[in-house]
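One structure is given below, encoded as structure tokens.
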Amino acid sequence: MQTMRTEDYIALEERYNARNYKPLDVVIARAEGAAVWDVEGRRYLDFLSAYSAVNQGHCHPRIVRALVEQAHRVTLTSRAFRNDQLPLLAKELCELFGYEMMLPMNTGVEAVETAIKAARKWAYRVKGVADEQAEIIACTGNFHGRTTTVISFSSEEQYRDGFGPYTPGFKLIAFGDADELERAITPRTAAFLFEPIQGEAGVVVPPPGYLRAVREICTRHRVLMIADEIQTGMGRTGKMLACDHEGVRPDVITLGKALSGGLYPVSAVLASREVLGVFAPGDHGSTFGGNPLACAVAREALRVIVDERLPERAAALGERMMARVRQMRSPHVEQVRGKGLLVGVVLKRQAGGARRFCEALKERGVLAKETHEHVIRLAPPLVISEQDLDWALDRVEEVLQMP
């Protein structure tokens, strides 16, 4: 049989797969740690980390071992029966993050949908909002997924175009403006849903003190503070949660991506008993949510983050990366922003867009991805070595000098 090459795989994908993504033209066949190899055997450093899903690095041996061992025992029971992994994950997750209850799902957007449902029912059953009147405030520039409910409060026109009618019950305000949040709250407000750092919007960091102000406002108005930590959590920004940078505890957090180390879709919502206790059997569920394979993988993924002190590693390497990128002399760079190992290089409008720089990086062995046309996102696995980090940043500097 003739060996397939990069162009053969791309041709097949273009023919048979719906084109809902615009990937770089590299076909990855193997991965380990911070490195990936294409079908021709070329090595690259991964500077996207599957949008933070592989914070622990690709194919971490401990997490792989947990998956394989559990796969030999039992993978799925559905929630119609109990399994011996879900109770342990629930306990370990709640104790690690300091919450009373959790509800497991699969994908990140499912966790967000779960948080929305919990917030609405809490508003009716606990806060006393009139039925069908609850409202949730979100931010412009948000990215919480692409289900029909979630795109209903997106400010990105492409995410909405052709997919209406939209779900009502949401209000948008500017990200980073606590005063606008205060003004937007009414007696019908159930929750404020936000990302501590807006990743997909271009690594947008709010002003200092914003999270503390949000916490105070939500507490005073009895509004649930819901932090979407799916991309920013699990050590990515130099703390276990991005909210930890200002020492605030949201009422609800959503987790995903690195909750499985990239081996399996696992997500969760964490909150108090008052919030998640509103669910009764039949209110919400998922055939795969809380399955034993997912739970075993997530338990080991959490242990790896703690045992290998990955938040501390992200903080140290993030300072190194941020300092290095900010001192790069380039006619194209307008701003560098981020926290930990989540950095956005904002390009000037006349730079010709971020895509061409990402394509040039790929040719030099670094895989990064543009976001919102003019931002290069740099987010390697938290296990990357200093040597590999410096090597990749040399290539970034070289590319940013292009005409």
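Observations on the structure shown:
- Against the test of being closer than 22 Å to residue 214 by Cβ and not in a loop (DSSP other than H, G, I, E, B), the options 96, 172 yield a single qualifying residue, 172.
Residues are listed down the side, and each one gets a yes or a no for (1) in contact with a strand residue (DSSP E or B) (Cβ under 6 Å, 6 or more places away or on another chain); (2) on the phi < 0 side of the Ramachandran plot; (3) surrounded by fewer than 19 Cβ atoms within 10 Å (Cβ to Cβ):
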site: 24; (1), (2), (3): no, yes, yes
site: 39; (1), (2), (3): yes, yes, yes
site: 45; (1), (2), (3): yes, yes, no
site: 56; (1), (2), (3): no, yes, no
site: 69; (1), (2), (3): no, yes, yes
site: 84; (1), (2), (3): no, yes, yes
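- A single entry from 325, 333, 343 fulfils the requirement of being among the β-branched types (Val, Ile, Thr), in contact (Cβ under 8 Å) with a residue 60 or more places away in the chain and farther than 25 Å from residue 383 by Cβ: 333.
- Residue list for segment 211-260, filter: of a type in the set (D, E, K, R) and under 17 Å from the mean Cα position of the chain (by Cα): 228, 229, 236, 239, 244, 257
- The residues of segment 54-78 that are without any contact (Cβ under 8 Å) to a residue 24 or more places away in the chain and in a loop (DSSP other than H, G, I, E, B) amount to a single one, 72.
- Selected residue (criterion: surrounded by the fewest Cβ atoms within 10 Å (Cβ to Cβ)) from residues of segment 271-291 that are among the hydrophobic types (A, V, I, L, M, F, W, C) and not in a loop (DSSP other than H, G, I, E, B): 276
- Filter result for residue 356 (under 30 Å from residue 403 (Cβ atoms), touching a helix residue (DSSP H, G or I) at 6+ places or on another chain (Cβ under 7 Å) and surrounded by fewer than 21 Cβ atoms within 10 Å (Cβ to Cβ)): no
- Residue in segment 134-143 that is in a helix (DSSP H, G or I) and either in contact with a strand residue (DSSP E or B) (Cβ under 6 Å, 6 or more places away or on another chain) or at pLDDT below 95 (or both) present: no
- Of the strands (runs of 3 or more DSSP E) lying entirely inside segment 294-401, the ones with 2 or more residues being touching a His at 6+ places or on another chain (Cβ under 9 Å) are found at 333-339, 342-347.
The values are calculated or read from the model by the stated rules, or taken from the named source; none is laboratory data. Owing to the predicted nature of the structure, the values given are computational and were not obtained by experimental measurement. Cβ: placed from backbone, ideal geometry, glycine included. Neighbour counts: every protein chain shown.
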